[in-house]
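Inspection log for the structure reproduced underneath, given as structure tokens.
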Amino acid sequence: MKKIIVIISAFVLLSCVKFGQNNNETLDKLLVKKEKSTEIPRIVIDSTSLSKTSEMLDEDKFWLIIDHSLKKSQNQDEQEHFLVEEIKQLSPKEMIGFRLRTDKLLYDTYNSEMCCAGYIMNGGCSDDGFEYFRCWLISRGKNTYYEAKSNPDSLVNEIKDDEEFYDFESFWYVALTAFKNKTGKELYDYIDNDKFTTNEGNYPNFKFTWQENNPESMRKICPILFQKFMK
């Protein structure tokens with residue numbers, strides 16, 4: 001009888017151990033399953049769905065992104081980083097649209113008067129320098145852009161004592177970088193250049209209304225900036 005009791009006890013003990021092991025294994029599986037279920041889904045862009053476009057990003061949305069970048073940054077490096085990350089949240093078509101909107105704004109300020117302002121503020125203005133000056137202008141926000149478009153002399157309000165040059169070359173690349181990071185593709189390959197014509201390749205020819213060897217001609221266009229920079 002005693003032998004039977006020992007055998008039964010051993011059987012019960014073994015069953016309990018086995019039951020505990022099974023429960024632990026089940027619990028481990030549930031935990032793994034739960035952990036996997038809480039992972040943030042990875043967004044995969046199907047490059048085959050990308051197509052060429054000539055549609056600019058809605059202008060209000062464009063300026064809202066610029067405005068946020070100004071509020072969230074203290075310098076150009078921070079603004080550039082913020083813009084790349086912000087643009088990356090857009091759809092591929094909207095990212096292309098951001099670049100196209102930028103091109104249109106650059107196109108609309110390609111004129112003699114704006115070039116005069118750039119020359120005065122930067123002590124010269126090459127073709128590339130003029131482009132980067134206007135990139136800087138766009139990066140300062142909607143109000144600054146349109147006030148300067150109407151009267152370049154208004155840029156005196158953007159002068160900072162610790163600023164040596166007023167340009168922002170890397171602003172020109174923020175949409176390209178964001179698009180590349182998100183899709184692995186080159187943004188330029190998806191611009192419909194047959195329909196989108198307000199770009200660098202189609203800048204109009206303009207007649208200079210000032211001469212660098214004639215300071216008075218610059219004073220007439222931007223008297224306040226001239227007084228500030230050309231003493």
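Would you mind getting the accessible area per residue of region 77-188, heavy atoms of the protein chains only, 1.4 Å probe, in Å²?
Numbers: 4750 Å² over 112 residues.
Per residue, region 77-188 has 42 Å² of solvent-accessible surface.
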Of the residues Met218, Leu83, Met95, the Cα lying farthest along the dipole of region 83-231 towards its positive end, which is defined by charges on the beta carbon of Lys, Arg, Asp and Glu, belongs to Met95
Output ordering of 52-58, 99-105 (per-residue mean of other Cβ within 10 Å, highest first) is 99-105, 52-58
Sorted by chain and number, the residues with a modelled amide H under 5 Å from that of Ile191, at a separation of 5 or more or across chains, are Thr53
Computed over region 43-191, the convex hull of the Cα set has an average projected area, in nm², of 8.8 nm²
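Counting Lys and Arg as +1 and Asp and Glu as -1, each charge on the Cβ, what is the dipole of region 47-175 about the Cα centre in debye, to the nearest 20?
Values: 14 positive and 26 negative charges, 123 e Å.
Approximately 600 debye in magnitude.
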Quick P(r) readout (region 191-231; Cα-Cα; 5 Å bins; whole %) gives 5, 19, 19, 11, 9, 12, 10, 9, 6, 0
Computed over region 128-170, the convex hull of the Cα set has an average projected area, in nm², of 3.1 nm²
Answer check: region 126-231, Cα atoms, Kirkwood Rh, Rg/Rh ratio of 1.04
Pseudo-spin-label distance Ser112 to Lys142, built 7 Å along Cα→Cβ, given in nm, is 3.2 nm
Once normalised by the length of region 137-193, the mean sequence separation of its alpha carbon contacts under 8 Å that are 6 or more apart gives a contact order in percent of 20 percent
Rounded to whole angstrom, the alpha-carbon centroid of region 170-231 lies from that of region 118-164 at a distance of 10 Å
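With a Förster radius of 45 Å, plug the Cβ-Cβ distance of Asn181 and Lys228 into 1/(1 + (r/R0)^6) and report the FRET value to the nearest 0.05. List each step's numbers first, then the result.
Details: r = 40 Å, r/R0 = 0.88.
Between Asn181 and Lys228 the formula returns 0.70.
Using 0.36 nm per residue, how much length does the chain from Lys61 to Tyr173 gain when fully extended, once their Cα-Cα distance is taken away?
38.5 nm
Which FRET efficiency value, to the nearest 0.05, do you get for Asp77 and Lys207 by plugging their Cβ-Cβ distance into 1/(1 + (r/R0)^6) with R0 = 41 Å? Don't skip to the end; give the middle numbers.
On the way: r = 38 Å, r/R0 = 0.92.
Using R0 = 41 Å, I get an efficiency of 0.65.
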Computed for region 68-123: size of charge dipole around the Cα centre, +1 on C-beta of each Lys and Arg, -1 on C-beta of each Asp and Glu, debye to nearest 20, value 200 debye
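The values are calculated or read from the model by the stated rules, or taken from the named source; none is laboratory data. Small disclaimer: the values here were computed from a predicted structure and weren't measured. Because the Cβ atoms are built from the backbone with ideal geometry, glycine has one as well, and the counts that use them run over all protein chains shown. In case anyone asks, the SASA skips ligands and DNA or RNA and just uses the protein heavy atoms, side chains included. Shrake-Rupley method; radii C 1.70, N 1.55, O 1.52, S 1.80 Å.
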